[in-house]
Amino acid sequence: MTSTAPAGPTAAIPPIPDAGQAQARILRVLVASQVLSGAGLAAGVTVGALLAQDMLGTTSLAGLPSALFTAGSALAAVAVGRISQARGRRPGLAAGYLGGAIGSAGVIAAAVLSNPVLLFLALFVYGAGTATNLQARYAGADLAQPNHRARASSTVLVATTVGGVAGPSLAAPTGAFAESLGIPNLAGPFLLAGVAYALAALVLTHWLRPDPLLLARTLAEREAANADATADTAGTREGRGGVVPGTLVMILTQLVMVAIMTMTPVHMHDHGHGTAASGLVIAIHIGAMYLPSPLTGWLVDRYGRLAIAAASGITLLAAGVLAALAPGDSVALLALALALLGLGWNFGLVAGTAIITDAVPLATRAKTQGMVDVAIALAGATGGMASGIMVAATSFPVLALAGGILALAVLPAVAATAYRR
C-alpha cells in the first residue's frame, strides 16, 4: 500500500527567484523603459518655456512650464512612492508614465486651442513622467548588494541618455510633422512624448517581473528567518548616513540645474538662435545628465558618497560661471556650460540616491524615496519659476552665476555629515 505524504506548509510556498538572475532581467527591462521615457522627458525641457513665451507673449513667465511640470512631478512622486510601497514597483512606475502620456496629450490640445489655462494644467500632469523617470533609479537598486547600489541605479539612469538626447534633436522634425497635422510647431515634441511615455508604461506592465521591491522584501524576510541576518541593514563603508544629507544634496543640485537649464533656450532665442540650436544644446545637457552615470556609480561605490556629492557642488559652480561668461552667440560655450551643469547634477543625484538607499530599510523604502523625490521636485519647481522672474529682472548671466554660487552650499552639508561620522 502506497501512501502519499501530506503536503506540508513548504509545499504551498512558490520558489523564490534567484536574486542575481532577477536583477539582471529587471535592469534590462528598466533600461528599455528609460530609453523611451527619456524621449518624453526631453520634450518639456526643449520647448516648454518657448511654448509658454509664445502663448503668453512675455519672458517673465517662461519659467512657469518648468515650475508646473516639476510641481506636478512632486505630487506624482508621492503617488508613485505610495503605490510602489503598497503594490510594488511595476504598478507604481507604469501609472506614473501613463500620467505623463496623458499630460502630453493635454499640452497638444492646449496648443491647438491656444488655451494657457489648459496648457498649465496639462504641464502639471505631464510632470508625472518626470517623477517616474527619476523613481525608476530606485527600482534598479532594490536587489543590488550595498556596495553595488550606486552602479545599479546609475545603469538605469544612463539609459535615459538615448531618448533624452534624441528627443531634443527631433524638436525641429517633430515640429514640422505637427504642423502637417494642423498642430502648432512648438507642440510637436509632445507628440513624441505622449507615445514614448505610453510605451514605457506598457513595457513595465508586461515585463517587469519579478517585481524588484517585492522580491527584495521576500528575500529579506527569508534571511531574517534564517537566524542572524541583518536584512538590508549592513550598509556601505559610510554606514547609514541618514535621509537628510542625501536629500539636501539632491535638492540643491536639482534647483540649480533646473533654473539654469530652463532659461537657456530662452536666452539663446533672444540672441537669434532657432529651435535646432537650442535643441542641440539641451541634447548635450541631457546627455551629460545621464551618460556619465556608470562612471559616477563606480566612483560613488569606490570613493564614497560624500566625496562625489562634494564634487557636484564644485562642478555646478564651474557650469554657472561659464554660462554667465559665455557670449550669447556662442553655441559651443553654452553647450559646454550646459554639459557641466548636467554632469554636476549627475554627481549629486547618484551620490544622493546611494545615501538615501543606504539609510532607509525595505519596510518603508519606497514611501520614503517618494517623499524625498517630492522635495527634489519642489526644488526644481522653485528653480524653474524663479529663473524666469530673475532673468526678466536682471539677466541670464546673473541667474547662471547666482546658481553656481548657490550650489556651493552642498559643501558645508557634506562637511557636517562627514564630521558627525
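What residue, among those in the range 147-157 that are surrounded by 24 or more Cβ atoms within 10 Å (Cβ to Cβ) and not charged (D, E, K, R), is modelled with the lowest pLDDT?
For the range 147-157, the residue satisfying everything is 157.
Specify which of the listed residues (349, 333) is farther than 21 Å from residue 64 by Cβ and without any contact (Cβ under 8 Å) to a residue 12 or more places away in the chain.
Unique residue meeting the criteria: 333.
Among the listed residues 166, 139, 144, 172, which satisfies the condition of being under 23 Å from residue 360 (Cα atoms) and modelled with pLDDT under 90?
After ruling out the rest, the residue left standing is 144.
Residues 104, 84, 73: which one is at pLDDT below 90 and part of a helix (DSSP H, G or I)?
73
Residue under question is residue 309, and the condition is that it be in contact (Cβ under 8 Å) with a residue 60 or more places away in the chain and among the aliphatic types (A, V, I, L, M); does it hold?
Values: in contact (Cβ under 8 Å) with a residue 60 or more places away in the chain: yes; among the aliphatic types (A, V, I, L, M): yes.
So residue 309 passes the test.
Which residue pairs have Cβ atoms closer than 8 Å, lie 6 or more positions apart in sequence or on different chains, and pair a first residue in the range 172-185 that is closer than 15 Å to residue 50 by Cα with a second residue that is among the charged types (D, E, K, R) and modelled with pLDDT of 90 or more?
185/179
Of the residues that make up the range 320-334, is at least one of a type outside the set (Phe, Trp, Tyr), assigned to a helix (DSSP H, G or I) and closer than 20 Å to residue 41 by Cβ? Talk me through it step by step, then tell me what you get.
Step one: filter the range 320-334 for residues of a type outside the set (Phe, Trp, Tyr), giving 320-334.
Remaining after also requiring assigned to a helix (DSSP H, G or I): 320-325, 331-334.
Applying the additional criterion that residues be closer than 20 Å to residue 41 by Cβ yields none.
Within the range 320-334, not a single residue is of a type outside the set (Phe, Trp, Tyr), assigned to a helix (DSSP H, G or I) and closer than 20 Å to residue 41 by Cβ.
Could you count how many residues in the range 288-306 are farther than 24 Å from residue 260 by Cα, among the small types (Gly, Ala, Ser) and assigned to a helix (DSSP H, G or I)?
Counting residues in the range 288-306 that are farther than 24 Å from residue 260 by Cα, among the small types (Gly, Ala, Ser) and assigned to a helix (DSSP H, G or I) gives 1.
Among the candidates 163, 194, 182, 167, single out the residue that is more than 19 Å from the chain's Cα centre (by Cα), over 18 Å from residue 296 (Cα atoms) and of a type in the set (Gly, Ala, Ser).
The match here is 182.
Could you please find all residues in the range 246-280 being small (Gly, Ala, Ser), closer than 17 Å to residue 169 by Cα and touching a Ser or Thr at 6+ places or on another chain (Cβ under 9 Å)? Write out each step before concluding.
Initially, the range 246-280 is screened for residues small (Gly, Ala, Ser), giving 246, 259, 272, 274, 276-279.
Going one step further and asking which of them are closer than 17 Å to residue 169 by Cα, we end up with 274, 276-279.
Those that are small (Gly, Ala, Ser), closer than 17 Å to residue 169 by Cα and touching a Ser or Thr at 6+ places or on another chain (Cβ under 9 Å): 276, 278, 279.
The values are calculated or read from the model by the stated rules, or taken from the named source; none is laboratory data. If you're wondering where the values come from, they're calculated on a predicted model, not measured in any experiment. Neighbour counts run over all protein chains shown; Cβ positions are idealised from the backbone, glycine included.
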